[in-house]
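In what follows, a single structure is set out as C-alpha cells and then discussed.
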There are 2 protein chains.
Amino acid sequence: MTEIKIFSPATVANVACGFDVLGFCLDSQGDEMIIRKTKEKGIKITHIEGFDLPYETEKNVAGVSALAMYKNAKPDCGFEIEIYKRIKPGSGIGSSAASAVGSVFGMNELLGKPYNKTQLTCFAMKGEALASKSEHADNLAPAIFGGFTLVKSTLPLDIIQIPTPQDLYATIIHPQIEIKTSDAREILPKNISLKDAISQWANVGSLVHALHTSDYKLIHRSLQDIIIEPYRKQLIPFFDDVKFAAIKAGALGCAISGSGPSIFTLSKGKEIAQNIKDVMSLVYSKTNIDFDIHISKINTRGVKILS
Amino acid sequence: MTEIKIFSPATVANVACGFDVLGFCLDSQGDEMIIRKTKEKGIKITHIEGFDLPYETEKNVAGVSALAMYKNAKPDCGFEIEIYKRIKPGSGIGSSAASAVGSVFGMNELLGKPYNKTQLTCFAMKGEALASKSEHADNLAPAIFGGFTLVKSTLPLDIIQIPTPQDLYATIIHPQIEIKTSDAREILPKNISLKDAISQWANVGSLVHALHTSDYKLIHRSLQDIIIEPYRKQLIPFFDDVKFAAIKAGALGCAISGSGPSIFTLSKGKEIAQNIKDVMSLVYSKTNIDFDIHISKINTRGVKILS
C-alpha cells in the first residue's frame with residue numbers, strides 16, 4: 001500500500017461539565033485526506049482544497065504532526081499529503097485536530113501501524129499546538145479513539161475511552177461569527193469557588209457513569225457547566241435562546257462546543273435531534289447571523305480509511 | 001415483626017479526588033442497633049452502649065433522623081432505639097452517619113418498607129445535620145446503598161451507585177488525635193485555581209470509569225486529591241509518612257477519610273491490604289500517637305438486618 005484516503009472527523013471538546021477533558025466524535029462532518037508514500041524523503045503538502053491554508057509543512061497543522069511522527073519513525077520514504085478540508089477552521093468542532101490526526105493516522109497505516117492510538121495522539125498534539133499555542137488533546141482523542149474520550153492528563157498523556165450509548169445523537173449549530181481564541185481564553189476566570197468546582201466534578205462523575213449505563217435521564221441531569229459557560233456564552237449571541245429552545249425540544253443538554261462559536265446538543269434518538277435542529281435553526285434564522293447546522297450520530301470509530 | 005437488630009456500617013467519605021461527593025462502605029466496623037415497635041407513640045432512645053451520647057431524642061443523631069421519618073410516616077405506633085456504638089465519634093469514618101442511618105433503616109423495615117433508599121437518606125440527613133451543622137449525604141449514601149456512591153447533588157438529593165471491583169480492600173488507620181470539624185473546615189480554601197479543578201474532575205471521571213471497568217491501575221492513577229489534601233493533611237501528624245509507606249507497599253491510593261483523622265487506603269486483594277496495615281502501623285508505632293487499624297472488604301450491601 002502506497003496511498004491511502006482517509007476521513008478525519010470533526011469532534012466536540014469541552015463537553016459541558018467536562019471542560020478540557022471530555023470530548024466526543026462526530027460522523028456528519030470531517031476532512032478527507034490522501035496520504036501517499038514517496039521515494040523522496042520528507043513531508044510535502046501537495047494539495048489543499050476547501051480553505052486557504054499554508055502549504056509550508058512547518059506552518060500547516062497536518063504537516064507539523066506528520067513531521068513529529070516522521071522524525072520519530074525515521075522511515076526510508078517520504079510522504080505527500082493532500083487535504084480536502086471540509087471543517088471550517090475556527091468553527092469550534094476540532095478543525096485543526098482533524099488535520100493533525102489525518103496525517104499521522106494515514107502515515108501510521110502506510111508504515112504498517114507501528115504506533116498505538118495514544119502515541120498517534122502525542123504526535124498530533126504537536127500539530128494542534130501550532131493552531132492553539134498549547135498542547136492539548138481534547139479534540140484529538142475523540143478523533144483518534146472515536147466515541148467519548150476523557151483526557152485524564154496530557155503529561156503523561158492518559159486517554160480513557162468512555163462507552164457511547166447507542167441512541168445518542170448530536171445536533172451542532174455553527175453561527176458564523178468569529179471568536180478569537182485569545183478572547184475565549186482571556187474571558188475565563190483563573191480561580192473558581194470550591195463549591196462550584198465540587199458541583200462540576202460531581203457532574204463529571206455522574207456523566208461518566210451515565211455513559212457507562214446508557215442512562216439518558218442521568219446524562220440530562222449531568223450535562224451542566226456552571227463554571228465556563230457563564231463566561232464564554234457572552235461571546236455567542238443568542239446562546240441562551242438556542243439553549244432554551246433545544247432543551248425544550250428534548251435535548252439532554254446543550255453547551256458550547258470547544259471554545260465556540262458552535263453549540264452542540266445531545267439527544268436520545270434521531271427524531272428528537274431533528275426537532276432540535278428545527279428549533280435551533282429558527283432562533284438564528286430570526287437574526288442576521290448565518291449558520292450551518294448538522295445532525296450526527298456519535299461516531300464510535302473515529303478517523304477511518306476510505307480507500 | 002416488632003423488633004429488629006441491625007448493623008449500620010462505617011463509611012469513608014471524600015474519596016481522594018471525589019471530595020464531598022464520593023464515598024464507600026466498610027465491612028469491618030459498624031454500630032449495632034435494636035429498633036423496637038412500641039404501643040406508646042413517639043421515639044425513645046432506651047439504651048446506649050460504647051460511647052457517651054445523649055439520650056434525649058432531639059439531641060441524638062439517631063433520634064433526630066428517626067423523628068424526621070416518624071413525622072412523615074405518622075404511624076400508629078412508636079419506636080424504641082437501642083444503640084450499641086462501636087464506631088468512635090470523631091474518627092472520620094462516618095460514626096454519626098451510621099447512627100442516623102441505623103434508626104431510619106430499622107424503622108422502615110418494621111413499617112413494611114414504605115420508603116426507598118434515597119428517601120431514607122433524606123431522613124438520615126436531618127440527623128447528620130445535628131452532628132455536622134450542615135445537611136450532607138456523603139457518608140449516609142454509602143451506608144444506605146452500599147459499595148461506592150456518588151452524591152451528585154443534595155438539593156434535590158441525587159445519589160448514584162457506582163460498581164465496586166471485586167478484589168478491592170480498604171485499610172483504615174485511625175490515629176487517635178482530635179480534629180475539630182471547625183478546624184477541618186476553616187483550613188479549606190474558598191477558591192481554587194481552575195487548572196487544579198480541571199485535574200481534579202479529570203480524576204473523578206477516570207475513577208468512576210475505573211470502578212466500572214475494574215481497572216485497578218486506573219484506580220491507582222485516579223486516586224489523587226490535589227485540592228483538599230494539601231490543606232487538611234497538616235492536621236494529621238505523619239500523614240505524608242503513612243501515605244508514602246502505604247503506596248510503597250502497594251496501595252492503589254491513600255487519602256484522608258472524611259475530614260480525618262482516619263486515613264484510608266485502597267488495594268487489590270487482602271494480602272496487599274495486610275502489608276499496608278503492617279507498614280502504616282509501623283509508622284505510628286514509632287510515635288507517641290495511639291491508633292486503631294482495620295482491614296475491610298468494600299461492603300457492597302450497606303446497612304443490614306442481623307436478626
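The values are calculated or read from the model by the stated rules, or taken from the named source; none is laboratory data. Please read all numbers here as calculations on a predicted model, not as lab measurements. Backbone-built Cβ (ideal geometry, glycine too); neighbour counts: all protein chains shown. All accessible areas refer to the heavy atoms of the entire protein, side chains included, with ligands and DNA or RNA removed. Shrake-Rupley method; radii C 1.70, N 1.55, O 1.52, S 1.80 Å.
Side notes on the structure shown:
- Buried between B and A is an accessible area of approximately 2700 Å², summed over both sides with a 1.4 Å probe.
- Across the options B:223, B:253, B:305, the greatest Cα extent toward the positive end of the charge dipole of chain B (unit charges at beta carbon of Lys, Arg, Asp, Glu) belongs to B:305.
- Carbon/sulfur fraction of accessible area - the protein assembly as shown, other protein chains in place, 1.4 Å, %: 49 percent
- Comment: the Cα-to-Cβ extended label point of residue A:112, at 7 Å, lies 7.4 nm from its counterparts in the other copies, nearest first.
- Kirkwood estimate for the stretch A:1-160, i.e. one over the average of 1/r between Cα atoms, Å: 15.1 Å
- Vicinal HN-Hα couplings computed from phi for the stretch B:284-297 (Karplus, 6.51 cos²θ - 1.76 cosθ + 1.60; Hz; Gly/Pro x): 6, 5, 8, 10, 9, 9, 5, 7, 10, 9, 9, 10, 9, 5
- Amide H to amide H, with H built 1.01 Å from N, residue B:31 comes under 5 Å of B:8, B:10, B:86, B:87, counting only residues 5 or more places away or on other chains.
- Distant-in-sequence amide H partners of residue A:253 (H built 1.01 Å from N, under 5 Å): A:266
- Share, in percent, of DSSP beta bridges within chain A that are antiparallel, nearest 5: 85 percent
- Within the listed set A:128, A:32, A:186, the residue fluctuating most in the Gaussian network model of chain A (springs between alpha-carbon atoms under 10 angstrom) is A:186.
- Within the shell defined by Cβ-Cβ distances under 9 Å, the residues around residue B:239 carry a net charge of 0, with Lys and Arg each +1 and Asp and Glu each -1.
- Less than 5 angstrom separates the built amide H of residue A:21 from those of A:14, A:15, all sequence-distant by 5 or more or on a different chain.
- Estimated 222 nm signal from helices in chain A, with DSSP H stretches of n ≥ 4 weighted -39500 (n - 2.57), rounded to 500: -11500 deg cm²/dmol
- Exposure here means at most 11 other Cβ atoms within 10 Å; with trypsin sites (Lys or Arg not before Pro) in a DSSP loop as sites, the longest stretch of chain A lacking them is A:191-285.
- Using only side-chain charges placed at the Cβ, +1 for Lys and Arg and -1 for Asp and Glu, the dipole size of the stretch B:162-211 relative to its Cα centre rounds to 180 debye.
- Placing a label point 7 Å from Cα along the Cα-to-Cβ axis, residue A:153 is separated from the same position in the other copies by 3.2 nm, shortest listed first.
- Distance violations [Cα-Cα > 22 Å] among B:277/B:297; A:152/A:268; A:304/B:195; B:152/B:268: A:152/A:268; A:304/B:195; B:152/B:268
- Here the dipole of chain B is about 460 debye; that uses its Cα centre as origin and unit charges on the Cβ of Lys and Arg (positive) and Asp and Glu (negative).
- Between residue A:186 and residue A:133, the contour length at 0.36 nm per residue exceeds the Cα-Cα span by 17.7 nm.
- Note on the protein assembly as shown: antiparallel DSSP beta bridges, both residues inside, total approximately 85 percent of the bridges counted.
- 3J(HN,Hα) from dihedral phi, the stretch A:207-218, Karplus parametrisation 6.51/-1.76/1.60, rounded to Hz, x for glycine, proline: 5, 4, 4, 5, 5, 5, 9, 6, 8, 5, 5, 6
- Over all pairs of different C-alpha atoms in the stretch B:224-282, the reciprocal of the mean inverse distance, the Kirkwood hydrodynamic radius, equals 11.5 Å.
- Label spacing, shortest first and in nm, from residue A:189 to its equivalents in the remaining copies (7 angstrom along Cα→Cβ): 1.3
- Estimated distance in nm for a label pair at residue A:155 and residue B:297, the labels positioned 7 Å out from Cα along Cα-to-Cβ: 4.4 nm
- Take every pair of alpha-carbon atoms less than 8 Å apart whose residues are at least six positions apart; their mean separation over the length of chain B yields a relative contact order of 25 percent.
- Only the Cβ atoms of Lys and Arg (+1) and of Asp and Glu (-1) were treated as charged; on that basis the dipole of the stretch B:3-162 about its Cα centre amounts to roughly 320 debye.
- If you take the alpha carbon atoms of the stretch A:126-227 and fit the smallest convex hull around them, that volume is 144 Å³ per residue.
- Sorted from longest to shortest, the spans of the Cα atoms of the stretch A:168-297 along the three principal axes equal 40, 36, 20 Å.
- The fraction of Cα-Cα pairs per 10 angstrom bin, counted from 0 for chain A, comes to 7, 29, 35, 21, 8, 1 percent, rounded to whole percents.
- Seen from every direction in turn and averaged, the convex hull around the alpha carbons of the protein assembly as shown projects onto 29.7 nm².
- Karplus-derived 3J(HN,Hα), 6.51/-1.76/1.60, for each residue of the stretch B:80-89, Hz, glycine and proline x: 9, 10, 10, 10, 9, 7, 10, 8, 5, x
- Relative contact order (percent, whole number), the stretch A:1-58, Cα cutoff 8 Å, 6+ residue spacing: 32 percent
- Using R0 = 45 Å, the C-beta based FRET efficiency linking residue A:178 and residue B:178 works out to 0.15.
- Å² per residue, accessible surface of the protein assembly as shown at 1.4 Å: 40 Å²
- At least 30 Å² accessible surface lost relative to isolated chain, residues of the stretch A:152-174 (1.4 Å probe): A:152, A:158, A:160
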